Amino acid sequence: MSHQRVAQPASGSASEPLQYKFADLIADPVVRDRWEQVRRYFFLRESTYDMTRRCNIRCNGCYYYEGEKQHAVENSDLEQWRRLMQAEKARGITFVVLAGAEPSLVPERCQVCFDEIPLGAIATNGLKRIPGEIGYRLHISVWGDDETSYRTRGAKEMLVRQTDNYRSDPRAIFVYTFTPDNIDQAETVTRLLAREGCQVTFNMFSAPVGYTGDLRHTPNSLSRTRQAMLDLMVRYPQTVVYSRYNAVAHTHRLGLHDLYGCSYPRRNPSTDVGLGRSFRQYRTDLGWDREAACCVPDTDCSDCRHYAAGSAVVTARLFRHATDPDTFRSWLDYVDTYLAVWVRDYPRGANLSQNLVPPPGFDLI
């Protein structure tokens with residue numbers, strides 16, 4: 001796409017909008033270096049895998065225990081898991097996301113996956129330590145302080161137990177999921193994680209289909225969450241892995257599908273290129289259903305602001321963001337954040353944009 005001309009929507013002249021070539025957008029050596037760094041990872045092709053139906057807690061609003069996937073028969077045959085990973089590698093999958101219910105309960109299956117495809121991440125509640133030989137990035141879910149976690153997840157002293165398991169573990173990043181109820185707790189949790197030498201990134205509660213609980217976001221909670229994210233980025237720059245454009249994209253009044261168009265098969269009928277062709281969401285019986293295939297199945301698409309979804313949906317929209325220097329820099333910040341969150345040992349840089357840039361074609365909020 002080098003030197004492709006793309007239109008900038010605003011300029012000094014309303015009658016003759018300024019035009020940028022791609023070469024103009026990467027003329028700054030710092031921006032060019034960041035572009036060269038992130039595009040080295042364009043080979044990543046993901047699919048996701050439910051490792052087990054079992055979990056050691058039960059959370060309000062849990063995605064796994066919605067829909068048909070929770071009823072799939074659990075396959076415990078390690079050789080069948082190994083053959084699946086070998087077949088996935090053969091069809092071009094280079095990155096796996098192991099989820100569940102709770103993958104830490106079946107470390108032997110996680111090890112088989114790592115042995116075959118060594119790039120990936122595991123979504124875990126962090127209450128049971130995953131052996132160090134499994135070298136994936138570990139996403140440890142946090143839903144507030146220990147009092148809130150007990151109320152919404154039914155487990156006592158979660159944060160204490162999570163940090164005991166993963167303090168100074170280079171695989172681990174904590175994922176703070178904002179709900180309307182825990183916005184004011186984010187600073188306390190982030191301060192504790194900073195003291196323990198941990199990293200944290202942010203997620204947004206996105207309601208499952210048919211969810212009638214009290215965790216669905218409102219316009220007010222979206223606005224408060226955005227400000228909390230921005231404040232924490234400033235206060236804890238060595239701890240928080242996030243960018244201003246992440247905050248914009250995930251706290252907008254519109255969900256990710258309405259803003260960017262979802263790339264996953266569940267909402268994308270195309271089988272020609274990208275995730276529509278390559279992505280599969282395997283259940284515990286090692287089967288998959290294209291009609292339901294999504295990074296977080298059974299999410300209400302209109303309410304989806306999930307960090308995992310954005311990691312593919314926003315990053316796939318390069319051309320839409322290659323319109324002007326600040327929009328492009330904001331997109332690079334988003335991609336840089338995504339890679340730092342998902343790829344172990346990725347060397348994240350400083351954010352390039354200090355501005356709040358609206359999603360292309362939309363207002364800021």
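The values are calculated or read from the model by the stated rules, or taken from the named source; none is laboratory data. Treat the numbers as computed from the prediction; the structure is a model and nothing was measured. All Cβ positions, glycine included, derive from the backbone under ideal geometry; neighbour counts span all protein chains shown. Heads up: the accessible areas ignore ligands, DNA and RNA and are worked out on the full protein's heavy atoms, side chains in. Shrake-Rupley method; radii C 1.70, N 1.55, O 1.52, S 1.80 Å.
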Percentage relative contact order, the chain, counting C-alpha pairs under 8 Å, at least six apart: 18
Antiparallel bridge percentage (DSSP; both residues within the chain; nearest 5): 15
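Tell me, what is the per residue accessible area of the chain in Å², probe radius 1.4 Å?
Per-residue accessible area for the chain comes out at 42 Å².
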Straight-distance crosslink candidates among aspartates and glutamates, where the alpha carbon sits under 17 Å from K89 and sequence neighbours closer than 8 are dropped: E46, E79, D115, E116
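With +1 on each Lys and Arg Cβ and -1 on each Asp and Glu Cβ, how big is the dipole of the chain about its Cα centre, in debye rounded to the nearest 20? Walk me through the intermediate numbers first.
Numbers: 45 positive and 44 negative charges, 80 e Å.
About 380 debye.
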Carbon/sulfur fraction of accessible area - the stretch 22-342, other protein chains in place, 1.4 Å, %: 48
Shape parameters for the stretch 160-259, alpha-carbon atoms, Rg then Dmax in Å: 14.0, 40
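Would you calculate a helix-derived [θ] at 222 nm for the chain, using -39,500 (n - 2.57) for each DSSP H run of n ≥ 4 and dividing by the full residue count, to the nearest 500?
Numbers: 14 runs with 129 residues, N = 365.
Value at 222 nm, helices only, nearest 500: -10000 deg cm²/dmol.
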